[in-house]
Amino acid sequence: MLHIVNKSPLEKNALDSCLTHAQAGSTILLIEDGVYAVTKGNKVEPAMKKVMESCTVCALWPDLEARGMQDTVIDGVKQVDYNGFVDLVAENATVQSWL
Amino acid sequence: MLHIVNKSPLEKNALDSCLTHAQAGSTILLIEDGVYAVTKGNKVEPAMKKVMESCTVCALWPDLEARGMQDTVIDGVKQVDYNGFVDLVAENATVQSWL
Amino acid sequence: MKFGIMVNEGPYNHQSADSAYQFAKAAIEKGHEIHRVFFYHDGVNNATKLTEPPQDDRHIVNRWSKLAEEHGVDLVVCVAAGLRRGIVDENLAAGFRISGLGQLVESGIQADRMVVFGD
Amino acid sequence: MKFGIMVNEGPYNHQSADSAYQFAKAAIEKGHEIHRVFFYHDGVNNATKLTEPPQDDRHIVNRWSKLAEEHGVDLVVCVAAGLRRGIVDENLAAGFRISGLGQLVESGIQADRMVVFGD
Amino acid sequence: MTESTGGIDMDEDSSGTVKKFAFINRKAPYGTVYALESLEVVLISAAFDQDVSLMFIDDGVYQIKKGQGTKGIGMKNFSPTYRALEGYDIEKLYVEKESLEERGLTEADLLVDVEVLSRADMAALMEEQDVILSF
Amino acid sequence: MTESTGGIDMDEDSSGTVKKFAFINRKAPYGTVYALESLEVVLISAAFDQDVSLMFIDDGVYQIKKGQGTKGIGMKNFSPTYRALEGYDIEKLYVEKESLEERGLTEADLLVDVEVLSRADMAALMEEQDVILSF
């Protein structure tokens, strides 16, 4: 399953809810304001590092770059562009957006 | 100062932010999805009880009733209708909405 | 007392358009004056005359128009926000007028209170 | 592969309309098919032809129309959500059509993947 | 006509296909329109003979709280419609236990029969779906 | 014309009145339009000779993060406008220390000169205002 989160982790509970529901082996893609979750020093950094032990975490780099956060991404996060986003959707049988 | 919060306390950080900024003596009015904050058993009940020691907490009862939460309001919360909402705005020199 | 109101969300999608209306109506009934209702962000969508909600639902746009007609409330749609979202003279409902952001700041200066409704 | 897309927010106010477009464009460039883009909730506001954003900004509505024109993408606006928000034949931009919610469910059945963009 | 039927006009591709459709409701009613317009999709989906599940998690559990009365806010009370779902053969309603607990609610507060699942079971159920529409 | 001037046409009531106006920014840029459209109000407010303060708290601090580049998302990068505010005599920009810290940011990450305030000082400053516009 591909989980997509587009909300800032400190503004809304969408990421929290995603993290407590994502099964081991899932892929989590962060887009839009969701990308702040994988930036160093954010309050949710420990939670993200923990989920990365069992899930693949990706972030859309155009969204990181728009927000000036491209140089502060947590190690191990896979950065993708819109083509990579399309590939992730194609590779996973189901897609769940956490709105 | 009158603080207005219209967001669910468990979905967004608006109430949190309001509670950490409201000065003693302020009035906090909960409207729309914000009214869930003053319902018994909600995770934020202890935080609401604490702020009630130094601030007046009000809730719009038409919004409580719409959501079926009118019978489970924390003791000490002042329930107002739209007329009471108008009075609160008139009584306080400044109004801050936590969107 | 003179109240300024800012509405930041579109009708039906968020309750803020409803809350703003209920507040304005109650204020008028209590003898206060609504200095202006300023529609910004998606709030400009409150001003389209093309809205046709289901018959058993409230008609948010007509409700505003009636408030303007009966109580002379000044309903101002931000021109820049309106252009971005397709709210222009062509589809503007009765009682609304299109103007600039200066009208919002002016309302903040002239009104005794400013109340923001949004998301 | 066939993708269905659902867009739940209006243009300019939320980035989801932009993300959905960028996704659709990339999918087509990679040789996939967009089965349908279904506009629901405030997403219906993507379909107004009255939009005039500032000249130095992207034109979200025209971008969708071009996608329909060049790649035959089926852009469907929910009739009920559109009526609530004033999106009707009169202000419908080129390339969009108005239809029922069944088109969304049908897209979920026929497409290989369904991706939801919203708030 | 198109409006009331939802424009149902299945072409040959879709007849016969049965997919697992999940409608995931995470938002409170009335504050935003998502709960109401989600329900409208659910009703339409009944005509397509799919395997439909409704899941209520986070603030979505408030959608089916008993005793809603909307006269004071001037909006339509759509909560009775959840009770009508059974008549459309939509019977799989799942509510998350932890989401209820964090809000001080129990199964007795709900206006319709549901199956209460633990968060872990809800997560597992999500994983089984083919199409997930989130509101 | 109306568009570029913001329809400025002060009548007698308002000339001479100076109020403390606060623009409170709590949202990240680009994900929603609030940051951009808030900035448009701020620019217009400069023409009214009011006592204007901009406060950045919660995700609002992201609005003035250095190094924004929006080519990839196809949107306009409006962050340079914050640096132009000084030319409009809008010089009171306040950023909350705790909000920066929770996001791993420091003053050095910001693209414009600001005064960093503790949450307690920010709260006290809010209390002094006459008109608060929140975005």
Distances in nm, one decimal, shortest first, from A:Lys78 to the same residue in every other copy, taking the label point 7 angstrom along Cα→Cβ.
5.6
Shielding by partners for F:120-128, please: the mean number of other protein chain Cβ atoms within 10 Å of each residue's Cβ.
4
Given the pairs B:Lys40/F:Lys27; F:Lys27/F:Lys76; A:Lys50/A:Lys78, which span a C-alpha to C-alpha distance of over 21 angstrom in this model?
B:Lys40/F:Lys27
Here the percent of antiparallel bridges among DSSP beta bridges lying wholly in the stretch A:1-78, to the nearest 5, is 10 percent
The stretch C:73-86 - phi-based ³J(HN,Hα) in whole Hz, Karplus 6.51/-1.76/1.60, Gly and Pro as x:
5, 7, 9, 10, 9, 5, 4, 5, 5, x, 4, 4, 10, x
Amide hydrogen neighbours beyond the local backbone of A:Cys55, cut-off 5 Å, H modeled
A:Gly25
Please get the size of the charge dipole for the protein assembly as shown, origin at its Cα centre, with Cβ charges of +1 on Lys and Arg and -1 on Asp and Glu, quoted in debye to the nearest 20.
320 debye
Reciprocal of mean inverse Cα separation for chain C (Kirkwood radius, Å):
13.9 Å
Would you mind giving the mean number of other chain beta-carbons within 10 Å of the Cβ of each residue in F:59-69, as a whole number?
4
Point me to the residue of chain B whose C-beta lies closest to the B-onto-A rotation axis, rounding the distance to whole angstrom.
B:Lys12, 3
Average beta carbon contacts from partner chains per residue of B:27-38, 10 Å cutoff
3
Tell me, what ³J(HN,Hα) does each residue in the stretch A:3-13 have, in order and in whole Hz, if you take phi through Karplus 6.51 cos²θ - 1.76 cosθ + 1.60 with θ = phi - 60° and put x for Gly and Pro?
9, 10, 10, 10, 10, 4, x, 9, 9, 10, 8
Report, for the stretch E:18-134, the % of DSSP beta bridges that are antiparallel, rounded to 5.
5 percent
Taking every pair of alpha-carbon atoms in the stretch D:8-53, what share in percent sits in each 10 Å bin, from 0 to the bin with the longest distance?
26, 50, 23, 1
Given the convex hull over the Cα atoms of the protein assembly as shown, what projected area results after averaging over all orientations, in nm²?
27.0 nm²
Would you work out the relative contact order for chain F, in percent, from Cα pairs under 8 angstrom that are 6 or more residues apart?
32 percent
Calculate how large, on average over all directions, the projected area of the Cα convex hull of the stretch A:2-98 is; give the answer in nm² to one decimal.
5.4 nm²
Go ahead and set up a Gaussian network model of chain C, Cα springs under 10 Å, then flag whichever of C:Asp56, C:Asp18, C:Asp89 fluctuates most.
C:Asp56
I'd like the antiparallel share, as a percent to the nearest 5, of DSSP beta bridges with both residues in the protein assembly as shown.
10 percent
Need one number: nm distance between label points at A:Lys49 and D:Glu52, each 7 Å from Cα along Cα→Cβ, rounded to one decimal.
5.4 nm
Largest fluctuation, F:Val61, F:Val33, F:Val112 only, Gaussian network model of chain F with Cα springs under 10 angstrom, belongs to F:Val33
With unit charges on the beta carbon (Lys/Arg positive, Asp/Glu negative), name the residue among E:Tyr34, E:Val112, E:Ile132 whose Cα is farthest towards the positive pole of the charge dipole of the stretch E:18-134.
E:Tyr34
From the C-alpha gyration tensor of the stretch F:54-135, square roots of 5λ in Å:
22, 16, 12
Run through the other copies and list how far each one's label point is from that of B:Lys50, in nm with one decimal, shortest first; the point sits 7 Å from Cα along Cα-Cβ.
2.1
Can you give the charge dipole size of the stretch A:2-98 about its Cα centre, rounded to the nearest 20 debye, using +1 on the beta carbon of Lys and Arg and -1 on the beta carbon of Asp and Glu?
300 debye
Fewest to most Cβ atoms within 10 Å: F:Tyr30, F:Tyr88 sort as F:Tyr88, F:Tyr30
Sorted shortest first, the nm distances from the E:Lys20 label point (7 Å along Cα→Cβ) to its counterparts in the other copies are 5.8
Can you put F:Thr32, B:Thr94 in order of Cβ neighbours within 10 angstrom, beginning with the fewest?
B:Thr94, F:Thr32
In whole Å, what are the Cα extents of the stretch E:29-84 along the three principal axes, biggest one first?
38, 22, 19
Given a 10 angstrom Cα cut-off, can you work out which residue in C:Leu83, C:Leu101, C:Leu92 is the most mobile in a GNM of chain C?
C:Leu83
Taking Cα pairs under 8 Å and at least six residues apart, what relative contact order does chain D come out at, in percent?
38 percent
Angle check, please: helix F:34-45 long axis (alpha carbons) against the longest principal axis of chain F (alpha carbons), in degrees 0 to 90, nearest 10.
30 degrees
What number, in percent, do you get for the relative contact order of chain B if the mean sequence gap of Cα pairs under 8 Å and at least 6 apart is divided by its residue count?
37 percent
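Each value in this text was obtained by applying a stated rule to the coordinates, not by laboratory testing. None of the values given here were measured: they were computed from a predicted structure. Note that we place each Cβ from the backbone using ideal geometry, even for glycine, and neighbour counts take in every protein chain shown.
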